[in-house]
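Engineer: Have a look at this one before I ask anything.
The values are calculated or read from the model by the stated rules, or taken from the named source; none is laboratory data. Just so we're clear, the structure is a prediction, and the values are computed from it rather than from any experiment. Neighbour counts run over all protein chains shown; Cβ positions are idealised from the backbone, glycine included. Each accessible area value is taken on the protein alone, full model and side chains, heavy atoms only, with ligands, DNA and RNA left out. Shrake-Rupley method; radii C 1.70, N 1.55, O 1.52, S 1.80 Å.
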Amino acid sequence: MTAEELQSGYIFLLDKPLDWTSFQAVNKMKYKLKREFGLPKKFKIGHAGTLDPRATGLLIVCCGKFTKKIPEIQDAPKEYWTEIKVGVQTESYDTEKPEILHQDISHISEEMIREALDKFVGEIEQKPPVYSAIKIDGERAYNLARAGEEVEMKSRKTTIFYIKDIKVELPLVSFMVGCSKGTYIRSLAHDIGQELGVGAYLTQLRRTKIGEYTVENATSDYLDNEFRFENIR
């Protein structure tokens with residue numbers, strides 16, 4: 001790999017660790033690349049699709065002229081391995097906030113869960129979580145929510161292509177979900193809980209695929225302080 005190749009266009013597949021923001025991962029990459037290859041200040045780099053801090057998995061980072069590919073990659077279908085906890089909720093719809101509103105789930109069966117999941121396959125309406133990066137009047141929704149302000153999120157259409165490989169070990173349920181751009185799996189988890197009438201929230205999320213790119217070909221080595229890019233030649 002050379003500086004010229006990076007500026008001409010390069011794609012890195014990162015396996016984003018837990019509790020890293022997508023911004024932090026890209027910034028770390030940018031710093032390491034500029035330091036090791038003497039790249040100019042205006043070297044272009046960006047990611048194709050944000051992953052929440054509490055999610056892991058595939059984060060595609062485009063460099064140089066390949067940053068023009070970001071919109072195309074972002075538009076591609078996504079796949080996630082998902083785990084939800086049934087019978088309890090959180091304000092953030094994931095593990096960022098503490099559990100609230102515990103409900104009895106002794107009447108919930110595997111058949112009920114599978115029937116509920118089936119209802120979300122196809123084009124659906126969903127509201128993004130209040131704790132999301134969507135801008136409202138120029139301010140991130142999560143900043144408003146953390147400041148204690150009331151935030152009204154507008155519904156949007158999205159498509160769930162499939163939900164498969166369902167495993168039920170109550171209170172936990174896991175499955176693979178394929179979806180279109182703009183789908184919030186945290187909202188899907190919340191909505192599944194509402195459909196069941198007992199609440200649910202997202203406990204684990206791992207992005208496994210974006211278009212033809214898969215997490216099996218990704219690495220988190222690039223984020224390690226000791227890693228040198230010469231190691232991948």
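Engineer: Once R0 is set to 25 Å, what does the formula 1/(1 + (r/R0)^6) return for the Cβ-Cβ distance between Lys41 and Ala147, expressed as a FRET efficiency to the nearest 0.05?
Structural biologist: After rounding, the FRET efficiency stands at 0.15.
Engineer: Only one of the values (i) 18.3, 56; (ii) 16.8, 51; (iii) 19.2, 62 was calculated from this structure for Rg and Dmax of the Cα atoms in Å; name its label.
Structural biologist: (iii)
Engineer: Now for a different question. Which of the GluC sites (Glu not before Pro) found in the range 145-192 are loop residues per DSSP with 15 or fewer other Cβ atoms within 10 Å of their Cβ? Don't skip to the answer; put the middle values down first.
Structural biologist: Details: sites: Glu149, Glu150, Glu152, Glu169; in loops: Glu149, Glu150, Glu152.
Here the sparse-neighbourhood loop sites are Glu149, Glu150, Glu152.
Engineer: Treating cross-link reach as a plain straight distance, find the lysines whose alpha-carbon is under 26 Å from the alpha-carbon of Lys164, omitting any fewer than eight places away in the same chain.
Structural biologist: Reachable lysines: Lys16, Lys78, Lys85, Lys119, Lys127, Lys181, Lys209.
Engineer: Under a Cβ-only charge scheme (Lys and Arg +1, Asp and Glu -1), can you give me the dipole magnitude of the range 14-91 about the Cα centre, in debye to the nearest 20?
Structural biologist: Roughly 740 debye for the range 14-91.
Engineer: Quick one: if you stick a label point 7 Å off each Cα along the C-beta vector at Ile166 and Glu115, how many nm between them?
Structural biologist: 1.1
Engineer: Specify the angular offset, from 0 to 90 degrees and rounded to the nearest 10, of the alpha carbon long axis of helix 22-37 from the longest principal axis of the alpha carbons in the chain.
Structural biologist: With rounding to tens, the tilt is 10 degrees.
Engineer: Keeping every protein chain in place, order His190, His102 by accessible area at 1.4 Å, biggest value first, i.e. largest first. Mind showing how you got there, number by number?
Structural biologist: On the way: His190 30, His102 120 Å².
Greatest to least solvent exposure: His102, His190.
Engineer: Now for a different question. Helix 185-196: angle to the longest alpha-carbon principal axis of the chain, degrees 0 to 90, nearest 10?
Structural biologist: Its long axis makes an angle of about 10 degrees.
Engineer: Let me ask you something else. Once you have the Cα-Cα distance between Glu5 and Ser180, take 0.36 nm times their residue separation minus that, and quote the gain in nm to one decimal.
Structural biologist: Length difference between fully extended and current span is 59.8 nm.
Engineer: With a 1.4 Å probe and every protein chain left in place, tell me how much accessible area Thr159 has, in Å² to the nearest 10.
Structural biologist: Number for this one is 40 Å².
Engineer: With a cut-off of at most 14 other beta carbons within 10 Å, and DSSP calling the residue loop, which trypsin sites (Lys or Arg not before Pro) in the range 1-85 qualify? Please list them.
Structural biologist: Lys41, Lys42
Engineer: Accessible area of Asp52, 1.4 Å probe, to the nearest 10 Å²?
Structural biologist: Ignoring ligands and nucleic acids, Asp52 comes out at about 50 Å².
Engineer: Ok, one more. Mind jotting down the distance between the C-alpha centroids of the range 76-124 and the range 2-52, whole Å?
Structural biologist: So the separation of the two Cα centres works out to 33 Å.
Engineer: Hey, what's the range 24-107 come to in accessible area per residue, 1.4 Å probe, Å²?
Structural biologist: Accessible surface, normalised per residue, equals 50 Å².
Engineer: Next question. Under a Cβ-only charge scheme (Lys and Arg +1, Asp and Glu -1), can you give me the dipole magnitude of the chain about the Cα centre, in debye to the nearest 20?
Structural biologist: Charge dipole, the chain, about its Cα centre: 1300 debye, nearest 20.
Engineer: Quickly work out the Thr159-to-Lys127 label distance, labels modelled 7 Å from Cα along the C-beta direction, and quote it in nm with one decimal.
Structural biologist: Result: 2.6 nm between the two label points.
Engineer: Could you check how much of the accessible area of the range 78-210 is carbon and sulfur, as a whole percent, using a 1.4 Å probe?
Structural biologist: Carbon and sulfur together cover 45 percent of it.
Engineer: If you stretched the chain out fully between Glu72 and Gln103, how much longer would it get, using 0.36 nm times the residue separation minus the C-alpha to C-alpha distance? Display every interim value, and only then the final one.
Structural biologist: Numbers: separation 31, 0.36 × 31 = 11.16 nm, distance 4.24 nm.
Full extension from Glu72 to Gln103 adds 6.9 nm.
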